[in-house]
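First up is the structure itself, then whatever we jot down about it.
The values are calculated or read from the model by the stated rules, or taken from the named source; none is laboratory data. Everything quoted here is computed from the prediction, not taken from an experiment. No Cβ is skipped: glycine too gets one built from the backbone with ideal geometry, and neighbour counts run over all protein chains shown.
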Amino acid sequence: MATYTGNNLNNVIKGGSNADKIYGLGGDDELWGMDGNDWIYGGEGNDLIRGNDGDDTLLGEAGNDQLIGHEGNDKLYGGEGNDSAFGGDDDDWFSGGNGDDHLAGDNGDDVIWGEAGNDYLEGGDGDDKLYGGYGNDKLEGGYGDDRLEGGDGDDALYAGGGNNVLVGGTGHDILSTAGFGAWLGPTKLYGGTGNDTYYVTRVSSSVLVDDAVPEVIEYEFEGHDTLHLDSSFFNEMSTYNLPAFIEDFVAHRNPAAGLWTESDEHMKVVGNALDNRMTGTNEDDTLIGGGGNDTIYSRNPAYASQPRVDNGIGQDQLEGGSGNDKLIEVQGDLARMYGGTGDDTYTLSDSGYAGTDKATFRGWGVLEAANEGYDTVYSATASTLLHTNVEALIYTGNAAQTHLWGNASANTIYGGGNSNDDIRGEDGDDRLDGGWGEGADTLQGGAGNDTLTGWGGSDLLRGGTGNDSLNGGSGPDNLFGDDGDDQMWGDDGVDFLYGGAGKDALLGGNGGDRLEGEAGDDQLWGNDGDDYLVGGAGVDRLTGGNGADLFIFQALSDSPGSTFDYINDFQPGVDKIDLCGIDARPTIAGDQAFGFTGFDAPQVGQPGQVWVLHGGGSTYVQADINGDAVGDFMVVLTGILPLTEADFLF
């Protein structure tokens, strides 16, 4: 065996036709083994080493070296530095050593070890074994039955054609079968520990047989993992079951050169017992979450701007299964969604297809069975009607006018802030909220004990039957309690409050409000501002609050002598009692005004008199309309008050 030795200069050394030993020593050397089974040592410097024919052993040693094996079963050692090694034909063995190395096997059954550093390993043709070692490595198997192991670090493993095994190891790894299509044989993918991502293409069959894709294997507590599946060979009979311990699923079409696009195939995917995040395509998909708290998208939100391939005619089906699930209809889709058991949330897009009233959920939308949890719909559709057994509705769009309707359940419905919302609770104890903003909202509670809040804008609130709570918020509002014992707040603005039947409590808030208790024993508080208070029928208690208030009595039945009203804070010279609505002498044609006798006793035979009495710490105002000197009307004022005719309007 001949031996050739260089020096510290940049040497060019070529061996002979037999087995040689060549030492480059220092300098950037070019070393050729030629024929024979050669041993070539690069030494220091950035060396180029060629083995040529024969079973050669090439050692780059120090420096950024380039090693080329050529023909034969070669062994290539990169050593220190960022090295490149190319095996050529036959069965080669590689060791990258330290540094960021590029090791390529080409033809033959190669074994490639990246060792330390961020390495790039290529198997080429043949049945290869690639081991990344330490660092963030990229491994490509090429054609043949390959085994790829990433080792430590965040590695990217790409299977080639053939029957492959990919093992990510520790770290957040990428395992992919993309780009080989029909050449890909049965393949197993093991992510290992870390948050791993799988990109999986179809198998060699013309259509996807159920679950007939490369086998993805994860174990419990190994991280949060995502599977991207090429759906190009799904057909309407295809079903794919998400592997155990894979959390997230994303469907794609035609993965090539790292580009994954939306699919146009029909697809059915079933999740597992984990909390899955599943994403469909722009075709008619069925995604079933199974166990766990799942999040399911009708399509990838990143492709929301792409049109559906069915031009909006088709329909997705999303099923949450057990758990507290989130089902999301992405913009441009139409989806039928089944939440299943658990407290589910639904998100509806404003798809806006002509002729499709998706908002009513009678042909599209949300379906829930009874007693399956508390369910919420987030809807961007301006006209939305909750399906039976769905409890809550939150509007997320920006339409100028909305129509948001509940059902027989106890609903919670939030409007659109600046939208003019038409919100109806129907039956049940509902909570209706017009939303922050200045929209002019109409809220109707319907049957049940409802809570209605208008917030900003000029709102109309109707409690309906039941004991309701109404708050107009800022702005000039109109509140109607209707039947039941209602509580009503006008809040800011000039408000109109009407209690309806029942024992109601009306609070005016800021501004000059008008409060009418109507039927029932009501309590009215004007609060700040110059308010108008009308107790109506029943034993009412009226408090004007700050400001010059007007206490209005429109009929004797508002405060008859037997069931009279109370005024708690009358201020002589500031407030007034208005009796203009009562005919003082009904036996005479026209509307006759009362006369004021002050503290003098009324006279028999003189109808139409109003007088004042003090007693028991109160002031009594009485009126006689038939001339019998007995009060047909009476109202009691708290305190001993020096009333004069100026305190009345007749």
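Reported count of residues in segment 147-162, each being surrounded by 22 or more Cβ atoms within 10 Å (Cβ to Cβ) and modelled with pLDDT of 95 or more, is 7. Taken as a whole, the condition of being in contact with a strand residue (DSSP E or B) (Cβ under 8 Å, 6 or more places away or on another chain) and modelled with pLDDT under 90 applies to GLU215. Within segment 149-172, track down each residue that is farther than 20 Å from GLY99 by Cα and more than 36 Å from the chain's Cα centre (by Cα). The answer is GLY160, GLY161, GLY162, ASN163, ASN164, VAL165.
Every condition in (1) assigned to a loop (DSSP other than H, G, I, E, B); (2) modelled with pLDDT of 95 or more; (3) over 44 Å from the mean Cα position of the chain (by Cα) holds for GLY133 except the one numbered (3). Is one or more of the residues making up segment 549-561 over 27 Å from ASP530 (Cβ atoms) and surrounded by fewer than 18 Cβ atoms within 10 Å (Cβ to Cβ)? Yes, some residue in segment 549-561 is over 27 Å from ASP530 (Cβ atoms) and surrounded by fewer than 18 Cβ atoms within 10 Å (Cβ to Cβ).
Look through segment 345-373, keep the residues that are more than 16 Å from ASP333 (Cα to Cα) and touching a strand residue (DSSP E or B) at 6+ places or on another chain (Cβ under 7 Å), and return whichever of them is modelled with the highest pLDDT. Restricting to residues being more than 16 Å from ASP333 (Cα to Cα) and touching a strand residue (DSSP E or B) at 6+ places or on another chain (Cβ under 7 Å), the top hit is THR345.
Checking each residue in segment 124-146 for being surrounded by fewer than 22 Cβ atoms within 10 Å (Cβ to Cβ), out of contact with any strand residue (DSSP E or B) (no Cβ under 6 Å at 6 or more places or on another chain) and free of Cβ contacts under 8 Å to residues at least 24 places away in the same chain picks out ASP125, TYR134.
The residue that is surrounded by the most Cβ atoms within 10 Å (Cβ to Cβ), among those in segment 635-647 that are more than 60 Å from the chain's Cα centre (by Cα) and among the hydrophobic types (A, V, I, L, M, F, W, C), is LEU643.
Filtering segment 478-536 to residues that are polar (S, T, N, Q) and either surrounded by 22 or more Cβ atoms within 10 Å (Cβ to Cβ) or farther than 14 Å from ASP459 by Cα (or both) leaves GLN487, ASN510, GLN523, ASN527.
Taking segment 62-86 only, how many residues are in contact with a Phe, Trp or Tyr (Cβ under 6 Å, 6 or more places away or on another chain) and either surrounded by fewer than 24 Cβ atoms within 10 Å (Cβ to Cβ) or of a type in the set (S, T, N, Q) (or both)?
As a first pass, look at segment 62-86 and keep what is in contact with a Phe, Trp or Tyr (Cβ under 6 Å, 6 or more places away or on another chain): 68, 75-76, 85.
Remaining after also requiring either surrounded by fewer than 24 Cβ atoms within 10 Å (Cβ to Cβ) or of a type in the set (S, T, N, Q) (or both): 68, 75.
Counting residues in segment 62-86 that are in contact with a Phe, Trp or Tyr (Cβ under 6 Å, 6 or more places away or on another chain) and either surrounded by fewer than 24 Cβ atoms within 10 Å (Cβ to Cβ) or of a type in the set (S, T, N, Q) (or both) gives 2.
Filtering segment 322-336 to residues that are surrounded by 21 or more Cβ atoms within 10 Å (Cβ to Cβ) and either at pLDDT below 90 or closer than 18 Å to ALA382 by Cα (or both) leaves ILE328, GLU329, VAL330, ASP333, LEU334, ALA335.
Inside segment 551-605, residues that are under 22 Å from ILE640 (Cβ atoms) and among the β-branched types (Val, Ile, Thr) make up a count of 4.
Based on what the data block shows, is GLY60 more than 59 Å from the chain's Cα centre (by Cα) and assigned by TED's automatic domain parsing to the domain that holds GLY132?
Against the criterion (more than 59 Å from the chain's Cα centre (by Cα) and assigned by TED's automatic domain parsing to the domain that holds GLY132), GLY60 does not qualify.
Scanning segment 367-381 for residues that are assigned to a loop (DSSP other than H, G, I, E, B) and surrounded by fewer than 24 Cβ atoms within 10 Å (Cβ to Cβ) yields ALA369, ALA370, ASN371, GLU372, GLY373, TYR374, ALA380. Out of all the residues in segment 395-402, is one or more crowded, with 19+ Cβ neighbours inside 10 Å, outside the structural domain of THR451 (by TED's automatic domain parsing) and either touching a Lys or Arg at 6+ places or on another chain (Cβ under 7 Å) or closer than 25 Å to TRP455 by Cα (or both)? The answer is yes, given that some residue of segment 395-402 is crowded, with 19+ Cβ neighbours inside 10 Å, outside the structural domain of THR451 (by TED's automatic domain parsing) and either touching a Lys or Arg at 6+ places or on another chain (Cβ under 7 Å) or closer than 25 Å to TRP455 by Cα (or both). Among the residues making up segment 1-38, those that are acidic (Asp, Glu) and surrounded by fewer than 19 Cβ atoms within 10 Å (Cβ to Cβ) are ASP28, GLU30, ASP35. Within segment 572-609, the residues that satisfy the criterion of being surrounded by 15 or more Cβ atoms within 10 Å (Cβ to Cβ), over 19 Å from ILE552 (Cβ atoms) and touching a Pro at 6+ places or on another chain (Cβ under 8 Å) are ARG585, GLN609. When ASP275 is tested against the conditions (1) assigned to a strand (DSSP E or B); (2) at pLDDT 75 or above, the lone failure is (1). Within segment 531-578, track down each residue that is aliphatic (A, V, I, L, M) and closer than 19 Å to ALA505 by Cβ. Of everything in segment 531-578, those that are aliphatic (A, V, I, L, M) and closer than 19 Å to ALA505 by Cβ turn out to be LEU533, VAL534, ALA537, VAL539, LEU542, ILE552, ILE567.
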